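Student: I have a structure here, written as structure tokens, and I will follow up with some questions on it.
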Amino acid sequence: MTPMADPAPQSDGDGARPPGGPDVPPKRPSPLANPRVRVVLLLVGIVVVIGVAVLGFRWFTHGRFVQSTNDAYVRADQVTVAPKVSGYVEAVYVADNQAVAAGQPLLKIDTANYDATLATQRATAAAREADIEAARRQVAQQQEAVAQASAQLKGAQDAAAYADHEAERYKLLSSQGVETQQRYAQAVDQRNQAQATARANAAAKAQAERQVATLSAQVGQAEAQLKAAQAQVTTAQINLGDTLIRAAIAGRIGDKSVRLGQFVQPGARLMSVVPVQDVYLVGNFKETQIGRMQIGQRATVSLDAFGGRKIEAVVDSFSPGTGAQFALLPPENATGNFTKIVQRVPVRFRLRPPQDLQGRILPGLSATVSVDTSAAPERQRAAR
């Protein structure tokens, strides 16, 4: 016979297992059943809702009007120091990174050649002055000769008039038989000689007057040569003065490459003077960001070099074109396939650094700039 299987255990009516069955862990209650948890979650939800509402309100009233870019850099209108004359550097008066004042000597070029040139030009000018004096004396002498010729001409003309009168008188007397024809002929000869002498004296006077004009022209030529010589003296003086190079503006020396004894040529870059006290910021904004920007609006600048420290700034001006327009090779979109690229417009800002950052904000530093385009420009606030 086949053994019979044990009967399956039976459970009572409430579903509990009979004694001796496997243990079942009791069901854990839900955390939400705890009143404290519900209160905490409610408070967290309220805080989140309030935070989102505040952030949304700030974005709607302020944040959506703020335009920012991290494509911003500090700039300065640095001045390149270059000589106007050539020569060997005789002295260098400044060191790298040194602060200089406007007009302070920076370096000096050897002046030997320029001193000699100036002396030569001065001697040439003195010679031209002597030529003028000599020409003027010749004019004065010739004017005296003209006066003498005029006096001689006057005497000859008087003598000719007298001889003509005598010839007419003897002509009348000879016709009346009072004087002989021979005496009349002598009077005619004397008249002809007197008239010839008068004509000769007139020609001599005219020649003397022409000589005065010629000598006067020589005086004018000598005066023109003197002016040219004086201009050469001035040029030599300027060249001599240009051997001492001074700082055009106040700032600090940078990019210094000149050394003592070096031969320099006109226009060669020797160093730069950077006005670190007068720096500004240029931010390159997308063309879609500048629609509401105006000159005079306030901005906030965060400088990477100082741990993101924020300083105040003001919109100063806008570039007359995008950055691509001033590139060496501007883009040409009229040919080939076209892909639209958002352009960037350089915007200049006036910085208002605190006292402890004066002179420490250097050109080339990176920054992030934000402009509140909802605010009225400063000039409008001042007018109100």
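Student: Listed residues Ala149, Ala187, Ala167, Ala194; which is hydrophobic (A, V, I, L, M, F, W, C) and at pLDDT 80 or above?
Tutor: Ala194 is the lone residue from the list that is hydrophobic (A, V, I, L, M, F, W, C) and at pLDDT 80 or above.
Student: To continue, here is another question. Do you know which of the residues in the stretch 268-290 that are in contact with a strand residue (DSSP E or B) (Cβ under 9 Å, 6 or more places away or on another chain) and small (Gly, Ala, Ser) is farthest from Ala375 (Cα to Cα)?
Tutor: Filtering the stretch 268-290 for residues that are in contact with a strand residue (DSSP E or B) (Cβ under 9 Å, 6 or more places away or on another chain) and small (Gly, Ala, Ser), the one farthest from Ala375 (Cα to Cα) comes out as Ser272.
Student: Further question: Could you tell me which numbered condition Ala125 fails, if it satisfies all but one of (1) crowded, with 16+ Cβ neighbours inside 10 Å; (2) modelled with pLDDT under 90; (3) among the hydrophobic types (A, V, I, L, M, F, W, C)?
Tutor: Of (1) crowded, with 16+ Cβ neighbours inside 10 Å; (2) modelled with pLDDT under 90; (3) among the hydrophobic types (A, V, I, L, M, F, W, C), only one is false for Ala125: (2).
Student: If you go through the stretch 164-195, how many residues are in contact with a Ser or Thr (Cβ under 8 Å, 6 or more places away or on another chain), in a helix (DSSP H, G or I) and among the polar types (S, T, N, Q)?
Tutor: Residues flagged as in contact with a Ser or Thr (Cβ under 8 Å, 6 or more places away or on another chain), in a helix (DSSP H, G or I) and among the polar types (S, T, N, Q) within the stretch 164-195 amount to 2.
Student: Among the candidates Ala134, Ala130, Ala198, Ala161, single out the residue that is in a helix (DSSP H, G or I), surrounded by 18 or more Cβ atoms within 10 Å (Cβ to Cβ) and of a type outside the set (S, T, N, Q).
Tutor: Step by step, each of Ala134, Ala130, Ala198, Ala161 is checked, and only Ala198 is in a helix (DSSP H, G or I), surrounded by 18 or more Cβ atoms within 10 Å (Cβ to Cβ) and of a type outside the set (S, T, N, Q).
Student: Pick from the stretch 321-359 the residues that are surrounded by 10 or more Cβ atoms within 10 Å (Cβ to Cβ) and among the polar types (S, T, N, Q): which of them is modelled with the lowest pLDDT?
Tutor: Taking the candidates together, the pick is Asn333.
Student: Note down all Cβ pairs under 6 Å where the first residue falls in the stretch 182-204 and is of a type outside the set (Gly, Ala, Ser), the second is surrounded by fewer than 18 Cβ atoms within 10 Å (Cβ to Cβ) and part of a helix (DSSP H, G or I), and they're at least six residues apart or on different chains.
Tutor: Tyr184/Lys171; Tyr184/Ser174; Arg191/Asp164; Asn201/Gln152
Student: Now for a different question. Have a look at Ala119, Ala53 and point out the one that is of a type in the set (A, V, I, L, M, F, W, C), exposed (fewer than 13 other Cβ atoms within 10 Å of the Cβ) and either modelled with pLDDT of 95 or more or within 30 Å of Phe263 (Cβ to Cβ) (or both).
Tutor: On inspection, the qualifying residue turns out to be Ala119.
Student: Taking strands (runs of 3 or more DSSP E) that do not extend beyond the stretch 238-319, which have at least 3 residues that are crowded, with 17+ Cβ neighbours inside 10 Å?
Tutor: Counting at least 3 such residues, we get 251-254, 271-274, 280-286, 298-303, 309-318.
Student: Which residue, of Val282, Val276, is under 30 Å from Val258 (Cβ atoms) and modelled with pLDDT under 95?
Tutor: Val276
Student: Now a separate question. Contact list please: Cβ distance under 7 Å, first residue in the stretch 363-384 and outside the structural domain of Ile290 (by TED's automatic domain parsing) and in a strand (DSSP E or B), second residue at pLDDT 95 or above and of a type outside the set (S, T, N, Q), pairs at least six apart or on different chains.
Tutor: From residues that are outside the structural domain of Ile290 (by TED's automatic domain parsing) and in a strand (DSSP E or B), there are no pairs.
Student: Could you check how many residues of the stretch 319-346 are over 24 Å from the mean Cα position of the chain (by Cα) and of a type in the set (Phe, Trp, Tyr)?
Tutor: Counting residues in the stretch 319-346 that are over 24 Å from the mean Cα position of the chain (by Cα) and of a type in the set (Phe, Trp, Tyr) gives 1.
The values are calculated or read from the model by the stated rules, or taken from the named source; none is laboratory data. This one's a predicted model, so the numbers in the text were calculated from it and none came from an experiment. Heads up, the Cβs are rebuilt from the backbone with ideal geometry, glycines too, and the neighbour counts pull from every protein chain shown.
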